[in-house]
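**Student:** Pasting a structure here, questions to come.
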Amino acid sequence: MAESTNFIEEIVEEDLASGHCERIHTRFPPEPNGYLHIGSAKAIWINSSIAKKYGGLFNLRYDDTNPSKEDTEYVDSILNDLRWLGCEPTGGVFYGSDYFDRCYEFAVKLIKEGKAYVCDLSAEEMREYRGTLTEPGRESPWRGRTVEENLDLFERMKNGEFEDGAKTLRAKIDMASPNINLRDPAIYRILHTSHHRQGDKWCIYPLYDFAHPIQDALEGITHSLCSIEFENHRPLYDWVIENIGFDPKPKQREFARLNVTYTVMSKRYLRALVERGLVDGWDDPRMPTICALRRRGYTPEAIFDFVRRAGVAKAYSVVDIELLEHCIREELNAGAPRRIAVLDPVKVVIENYPEGKTEYFDLPNIPGKEEAGVRSVPFTRELYIERADFEEVPPPKFHRLKPDGEVRLMGAYLVRCKEVKKDPSGRITEIVCTADLEAGNGNPLDGRKVKGTIHWLSAAHAADATVMLYDKLFTIPNVGDIPEGKTFDDYLNPDSAEKREGVKVEPSALEDGAGPRFQFVRTGYFVRDTKNANTFNRIVGLKDSYKPGE
């Protein structure tokens with residue numbers, strides 16, 4: 001057996017060794033009420049990788065037991081995200097709603113055995129009767145109904161005779177249990193809402209804590225691996241399995257959720273951002289959703305590398321988003337082809353270079369990787385450079401272009417600034433230079449040293465593009481620790497998206513087959529936007545402030 005690397009794998013290996021199960025079978029059970037996010041990626045990775053490592057099966061099962069919040073848009077997006085992540089549901093795709101008939105049958109079974117009853121308490125009254133962590137609950141006045149009465153009322157609930165909230169079906173367990181989840185929890189509620197798959201067949205729906213263990217058992221799930229908030233629900237999970245009489249019994253085990261700095265994982269709030277138009281849809285590159293990370297330029301490999309490095313444990317923690325950025329930067333640094341982009345262009349005229357002449361300089365696609373090849377970049381009399389690469393009054397140790405200063409144009413000539421032209425407002429419109437044509441792209445013949453190198457593009461050949469510079473969506477690291485009286489809105493970053501138009505790029509960056517992700521040299525890593533062909537989204541900058549091992 002492979003060496004275990006986390007506590008869940010240790011559990012699995014012990015269960016295989018003891019004969020608890022012969023083949024591992026896991027599942028990922030998302031509710032289709034929103035798009036998957038980076039936190040979902042952890043649950044997907046754990047369940048799918050465990051199944052793969054031990055030669056088992058992995059199911060996708062939609063937890064569609066709450067029709068008021070669900071939509072086929074989310075159903076489709078979830079499967080697309082799983083497949084993009086490379087986690088094909090090898091055990092099949094299922095829907096919790098497909099088990100509604102079985103759930104109803106099992107509820108009737110519990111009623112007949114005196115283990116469930118119809119209760120008339122309102123939701124607020126149920127909370128009052130439930131008690132506290134230090135005080136036991138009180139039994140419902142309806143707890144003593146006869147089996148016959150409960151069967152009749154439950155059927156009438158199913159037939160639509162009662163309004164929403166008028167009655168619930170509750171498991172009869174123990175109102176004095178120290179675990180509040182066992183104090184006669186509701187297992188069915190009335191909800192007169194059409195279902196995205198079942199239509200109007202049902203007006204009662206099973207609650208998650210009742211439906212989920214049944215679904216697991218019916219699908220042959222051996223390990224129900226879920227986030228830590230379900231740990232206190234595990235006794236109820238086991239109660240349902242035991243009292244319905246399933247054998248073999250699936251085993252629920254929990255792990256800590258993935259919390260990331262400068263990020264919120266609440267689907268409710270993410271949906272609000274979309275509905276209020278504060279972001280450009282669920283796939284806005286600032287969002288933590290899988291589809292947004294895809295549009296931003298992240299890869300499945302980088303996302304799962306991040307999850308692995310963050311670790312699998314039970315203790316609450318918040319992982320630095322810089323680790324995620326480090327993972328994609330590390331991947332792209334090794335494999336992303338280089339291209340030139342000038343984000344804030346200013347024109348440079350090489351006055352001693354012949355008008356109408358074009359020559360080509362070869363630049364490596366990936367420095368240090370000969371197998372990646374080279375590309376030929378055109379050079380002409382008129383060029384563009386970054387405005388920030390020139391200073392009239394340069395600060396100390398400024399090794400870029402300045403009056404009477406000399407720099408290397410990357411892979412091409414050495415140029416010296418001779419004159420600066422400005423518009424009436426004082427803004428620089430043109431920098432006039434001369435080139436050392438004798439040295440070409442080699443070293444100066446007189447042996448002088450030139451420290452600075454800047455990137456450039458031929459004005460006649462550069463293509464127009466737009467660049468989106470994305471930053472963190474929130475201004476505080478721990479978004480889960482908002483002071484009283486404040487909301488998420490108070491910490492939205494107003495500078496999380498900067499649009500740069502009039503950007504100049506190598507034409508090859510816009511050509512089909514050039515590759516979806518680039519390093520724009522000296523600038524950062526970028527990807528062509530999936531919605532706007534001439535727009536590039538910044539994936540991450542070049543500077544890496546994350547230190548492995550921190």
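**Student:** Suppose we filter region 252-279 for residues that are in a loop (DSSP other than H, G, I, E, B), charged (D, E, K, R) and in contact (Cβ under 8 Å) with a residue 40 or more places away in the chain; how many remain?
**Tutor:** Total satisfying the criteria: 1.
**Student:** Can you work out which of the residues in region 54-91 that are under 20 Å from the mean Cα position of the chain (by Cα) and of a type in the set (Gly, Ala, Ser) is surrounded by the most Cβ atoms within 10 Å (Cβ to Cβ)?
**Tutor:** Among those residues, the one meeting the criterion is Ser77.
**Student:** Here is a further query. Looking at region 31-53 only, could you name the residues that are surrounded by 22 or more Cβ atoms within 10 Å (Cβ to Cβ) and not in a helix (DSSP H, G or I)?
**Tutor:** Pro32, Gly34, Tyr35, Leu36, His37
**Student:** Another one. Just to be sure I understand, how many residues within region 150-189 are under 17 Å from Phe106 (Cα atoms) and not aromatic (Phe, Trp, Tyr)?
**Tutor:** Total satisfying the criteria: 19.
**Student:** Go through region 68-121 and count every residue that is in contact with a Phe, Trp or Tyr (Cβ under 8 Å, 6 or more places away or on another chain), in a helix (DSSP H, G or I) and either of a type in the set (Asp, Glu) or within 17 Å of Arg294 (Cα to Cα) (or both).
**Tutor:** Count: 5.
**Student:** Is there any pair linking a residue in region 123-139 that is assigned by TED's automatic domain parsing to the domain that holds Ser177 to one that is in a helix (DSSP H, G or I) and basic (Lys, Arg), with Cβ under 9 Å and at least six apart or on different chains, and which?
**Tutor:** Sorted first by the residue in region 123-139, then by its partner, the pairs are Gly137/Arg130; Arg138/Arg130.
**Student:** Also: For a quick check of your reading of the model, give me the residue pairs whose first member lies in region 173-184 and is at negative phi, whose second is of a type in the set (Asp, Glu), with beta-carbon atoms closer than 6 Å and at least 6 apart or on different chains.
**Tutor:** From residues that are at negative phi, the pairs are Ile173/Asp184; Met175/Glu139; Met175/Asp184; Leu182/Asp174.
**Student:** Here are some residues: Ile11, Ile38, Ile50. Which one is of a type outside the set (Gly, Ala, Ser), under 26 Å from Asp71 (Cβ atoms) and assigned by TED's automatic domain parsing to the domain that holds Pro89?
**Tutor:** Selected residue: Ile38, the only one of Ile11, Ile38, Ile50 that is of a type outside the set (Gly, Ala, Ser), under 26 Å from Asp71 (Cβ atoms) and assigned by TED's automatic domain parsing to the domain that holds Pro89.
Okay, residues lined up against (1) among the polar types (S, T, N, Q); (2) touching a Ser or Thr at 6+ places or on another chain (Cβ under 9 Å); (3) at pLDDT 95 or above:
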position	(1), (2), (3)
Ile190	no, yes, yes
Pro206	no, yes, yes
Ala211	no, yes, yes
Ala217	no, no, yes
Glu229	no, no, no
Trp239	no, no, yes
Arg253	no, yes, yes
Ser266	yes, no, no
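**Student:** On to the next question. Surrounded by 10 or more Cβ atoms within 10 Å (Cβ to Cβ), within 22 Å of the chain's Cα centre (by Cα), in the same structural domain as Arg296 (by TED's automatic domain parsing) and modelled with pLDDT under 90, is that true of Gly524?
**Tutor:** no
The values are calculated or read from the model by the stated rules, or taken from the named source; none is laboratory data. All of these numbers come straight from a predicted model, not from anything done at the bench. In this analysis, Cβ positions are derived from the backbone assuming ideal geometry, glycine residues included, and neighbour counts consider all displayed protein chains.
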